[in-house]
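All remarks here apply to the structure that follows.
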Amino acid sequence: MPHRILIVDDNALIRRSIRDCIEQNTDWKVCGEADNGRLAIDQVQRLRPDAVILDWQMPEMNGLEAAREIHRIAPSTTMLMLTLHDFGSLRQEARAVGIREVLSKTEQVSEKLITSLRNVRASA
């Protein structure tokens, strides 16, 4: 059975691009999408994904705030963060709230995303 992934980003084009990347691999299936952190939390409760890919900056609730709550309600859910703003303090904050890896949207994201998903699921 494929791993179920929730995609969370306020940009529909980014969500579509991530979905296309993931759906090329039969090990994973996109089970849902959300465009902000509050919806992400609702979707995690409803869909129970194996992994959540979160954007950092979103309206209503950012990715770090959402990750904190997701980690509280679904601690076994793997979380990855995608962002345009890749800096050390963000990585530290992300790990502190349960995010396994932070990836830059600007650097060959599809290849790195697939590799990261494989790595975090293998170590889970």
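Observations on the model:
- Accessible surface of the stretch 5-124 [probe 1.4 Å, protein heavy atoms]: carbon and sulfur percent: 45 percent
- Stretchable slack from Q92 to T26, in nm (0.36 nm times residue separation minus alpha-carbon distance): 20.6 nm
- With the helix formula -39500 (n - 2.57) applied to DSSP H stretches of n ≥ 4, the chain reaches a computed 222 nm mean residue ellipticity of -14500 deg cm²/dmol.
- Centre separation in Å (Cα based) which lies between the stretch 23-41 and the stretch 1-16: 3 Å
- Surface exposure of the chain, expressed per residue as accessible area with a 1.4 Å probe, stands at 52 Å².
- Applying a DSSP loop filter and a limit of 13 other Cβ atoms within 10 Å to the chymotrypsin sites (Phe, Trp or Tyr not before Pro) in the stretch 27-114 leaves F87.
- For the chain, the fraction of alpha-carbon pairs in successive 10 Å shells from zero, as %: 14, 53, 32, 1
- Loop-located GluC sites (Glu not before Pro) in the stretch 14-68 (DSSP state other than H, G, I, E, B) with a sparse environment of at most 13 neighbouring Cβ atoms within 10 Å: E60.
- Taking the C-alpha atoms of the stretch 36-103, convex hull volume expressed per residue in Å³: 66 Å³
- Residue-wise HN-Hα couplings along the stretch 74-84, as the Karplus relation 6.51 cos²θ - 1.76 cosθ + 1.60 with θ = phi - 60° gives them from phi, are 9, x, 8, 6, 6, 10, 10, 10, 10, 7, 7 Hz; Gly and Pro carry x.
- What you get for the chain, charging only the Cβ of Lys and Arg (+1) and of Asp and Glu (-1), is a dipole of about 400 debye around the Cα centre.
The values are calculated or read from the model by the stated rules, or taken from the named source; none is laboratory data. In this text, all values refer to a predicted model and were calculated from it rather than measured experimentally. A quick note on method: Cβ atoms are made from the backbone with ideal geometry, for glycine too, and the neighbour counts reach across all protein chains shown. Surface accessibility is based on the protein's heavy atoms, side chains included, excluding ligands, DNA and RNA. Shrake-Rupley method; radii C 1.70, N 1.55, O 1.52, S 1.80 Å.
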